[in-house]
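The structure appears right after this line, and notes come after that.
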Amino acid sequence: MDRSLIIGFGNIDRADDGVAWHIVNSLRRRLGEKRLDEDNTGLEELGSHVDSVFLTQLAPELIDTLAGYCRVIFVDAHIDEGMDDLYCSSVPPESAPPVLSHHVTPAMLLALTCALHGRAPAGYLVSVRGYDFDFGRGLSARSRELVEPAACKILQLLEDSSRKGETLSTCTDKSG
Amino acid sequence: MGKKITIEPVTRIEGHGRVTIHLNDQGVVEQTFFHVDEFRGLERFCEGRPYHEMTQITQRICGICPVSHHLASAKACDAIDRVEPPRPAKLLRELLHMGQMVQSHGMHFFYLAGPDLLLGFDADPAIRNVVGIIKANPELALKAVNLRRYGQQIIERLGGKRVHPNFSVPGGVNTPLSQKDHREIAAELKTMTAVAVEAIGIIKGWLDANRHLAAGFASFPSNYMGLVNKEGCLELYDGDIRIKDSGGNLLAQFRPDNYLAYVAEHVEPWSFLKYPFYRKLGWPGGFYRVGPLGRLNVVDRIGTPMADEEFKYYKSINGGRPVEGSLFYHYARMIELLYCLERIGELLDDPDILSNDVRAYPSARLPGGGVGVIEAPRGTLFHDYSVDENGQLTRVNLIVATGNNNWAMNVAAGMVAKAYVNGNKLTEGMLNRVEAAIRCYDPCLSCATHAIGQMPLDIRLIAADGTLLDRLTR
């Protein structure tokens, strides 16, 4: 089955860092699905044609989940002035040397999936510019304006990639 | 003309750090600074809020060790409420803590330390990573993933969520352990213990094969701090704080709520993170190390059979004196991993673990205050709250584990920079060694944001007049 997984990640207690939570919930509303509250990641409800979850961080144990999808769209905030405020790109599996952090990047997660399963979903990133990362809930006005366009972008991405007939790809080079 | 190399920032989700290496005219390292630039405003943010919200608020400091903040906060709230949680609640809190320790220690060893140790400090960065480890040993990598998952699932079973659990409350915990969860945690314990034993074999083999490097790499005398129980054994959830000097002599042992009589904090203008030290020895002579190496250097023994056997070898490394080399943190971390898995077995075997008596109801006397101290994966973590007559927080003081190791990381980075960095010909391997010195301490520089683009690695070689001479990024 041609399944897609949307993974929003961030910290809803650090203002715009939690923008993906708002985007995922906007998407779920459009898909007629129940809103994720802060105590529900959505990981317990997987099994639809399009699944969506919101996580505080990406973690290695997600690789078993990823291996069952044709495509995964990561949703996060960004702070790069050089990127479009609403940024969309493909994410190839890519490993990088460890620095200090326990955090796992989308590219690394795909590379891990490739390395351990020999296949991985096509990866995409939809990212919204964040302006305020202070303690507190709610979004800055400029990030809030990007929530609905980001949800539309994800829907368009799903439609386009489905039309292309994207399938779960086999990794030829396990290093990604 | 002097030069300056800057590595920035060196973390991602946990915060923002920089390493600045100052060179002299000959390109030789003169001084190194490990800066933490992010202002940790959480303490001020919490003031005015009801204290009983703190178990949920403070764990959101970090997505990496939220359980530690959750539990330290719960203990501080117990103290404010002057309530002693029932024994089953303490056992369940400790079980939650063990889940956190297992996932964190496992993640660090296999994902962060492993690539350097198993593939080499100078290996091509394209392969010196966890995927490189998978290629080299896919079976081991799968075990590492499962070990982390096991720890996370303990947290999820008890706390309802993998990252920010809703479990501990002032006076205990809000849910007893179900028979089903007990059975499922127990079912995988033997397998996970075998992974810990394998990891110990790997790090011991590496240390043996690289004896000279391990002995000299960021090796320096310091004081050490950690919690101990009444028998002087390793304690991660409760107990007294013990401080020993570089010779292994006892400097102090005290109840955590007396910490201000023993611990003070030094401030440097170039870092937002403070530098705690043992008050009686003053600054900088009183700086100490915490975390796995600090803990194993203060305990008399571990307290579980297999980890105690391993501890005998650990103690022999420096003839019974404290072990000083930063790379031995990795070994100490794996001994602790083994301890945590053995301790999970002990907790599951305790008949009280399935009791429904998991909460005592408090009667706070306000205004007041409370201190909660716990051993987080990275070291001793202090939560200290004062509240007014309405139960609103008037003062919050947090000393995080990484703060306790702040000066030690500075020293470690400086020693390695002096030993390996040649300012006239900067290589990725040199940079990686400086990072590896800091990585031994598994720092968490604070605070749970992780926007895309936040974390390029940027090394700059700058002349004294500000001219950019060289730059490495990744």
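Roughly how tilted is helix A:147-163, in degrees to the nearest 10 and between 0 and 90, from the longest Cα axis of chain A?
Between helix and principal axis, roughly 20 degrees.
Of the options B:186, A:123, B:141, report the single residue whose Cα projects farthest towards the positive end of the charge dipole of the protein assembly as shown (beta-carbon charges: Lys, Arg +1; Asp, Glu -1).
Positive-end residue among those listed: B:141.
What's the exposure ranking of A:41, A:56, going from fewest to most Cβ atoms within 10 Å?
Exposure proxy ranking, most exposed first: A:41, A:56.
Ranked by Cβ crowding within 10 angstrom, fewest neighbours first, how are B:244, B:274 ordered?
Least crowded to most crowded, the residues run B:274, B:244.
Quick one: Kirkwood hydrodynamic radius for segment A:4-170, alpha-carbon pairs, angstrom, one decimal? Walk me through the numbers on the way to the answer.
Numbers: mean 1/r = 0.0626 Å⁻¹.
Kirkwood radius, segment A:4-170: 16.0 Å.
Mind putting a number on the dipole of the protein assembly as shown about its Cα centre? Charges go on the C-beta only, +1 for Lys and Arg and -1 for Asp and Glu, and I need it in Debye to the nearest 20.
It comes to approximately 580 debye.
Show the residues, 5+ positions off or on another chain, whose built amide H is closer than 5 Å to the amide H of residue A:132.
Here the answer is A:16, A:140, since their amide H atoms fall under 5 Å of that of residue A:132.
One quarter of the convex hull surface, Cα atoms only: what value does that give for chain B in nm²?
Result: a mean projected hull area of 21.4 nm².
So what is Rg over Rh here for the protein assembly as shown, counting just Cα atoms and using Kirkwood for Rh? Each step should come with its number before you reach the end.
Numbers: Rg = 23.9 Å, Rh = 25.2 Å.
We get a ratio of 0.95 for the protein assembly as shown.
Helix B:138-159 versus the longest principal axis of chain B: what is the Cα-based angle in degrees, 0 to 90, to the nearest 10?
40
Helix B:66-81 versus the longest principal axis of chain B: what angle, 0 to 90°, nearest 10, using Cα atoms?
Tilt of helix B:66-81: around 50 degrees.
Sorted from fewest to most neighbouring beta carbons within 10 Å, what does the list B:366, B:293 look like? Working shown, then result.
On the way: B:366 14, B:293 30.
Going from sparsest to densest Cβ surroundings: B:366, B:293.
Treating only the Cβ of Lys, Arg, Asp and Glu as charged (+1, +1, -1, -1), what charge dipole size does segment B:302-416 show about its Cα centre? Round to the nearest 20 debye.
My answer is approximately 500 debye.
Counting C-alpha atoms alone, how compact is segment B:104-236: give Rg to one decimal and Dmax as a whole number, in angstrom.
Just the Cα atoms of segment B:104-236 yield Rg and Dmax of 18.6, 52 Å.
Within segment B:197-280, list the chymotrypsin sites (Phe, Trp or Tyr not before Pro) lying in a DSSP loop whose Cβ has at most 13 other Cβ atoms in a 10 Å radius.
Sites meeting the loop and neighbour criteria: B:270.
In units of 2.2 N^0.38 Å, what is the alpha-carbon radius of gyration of segment B:321-415?
1.54
Where a number appears in this text, it was derived from the coordinates with a stated rule and is not lab data. Remember, predicted model here, so these are calculated numbers, not experimental data. No Cβ is skipped: glycine too gets one built from the backbone with ideal geometry, and neighbour counts run over all protein chains shown.
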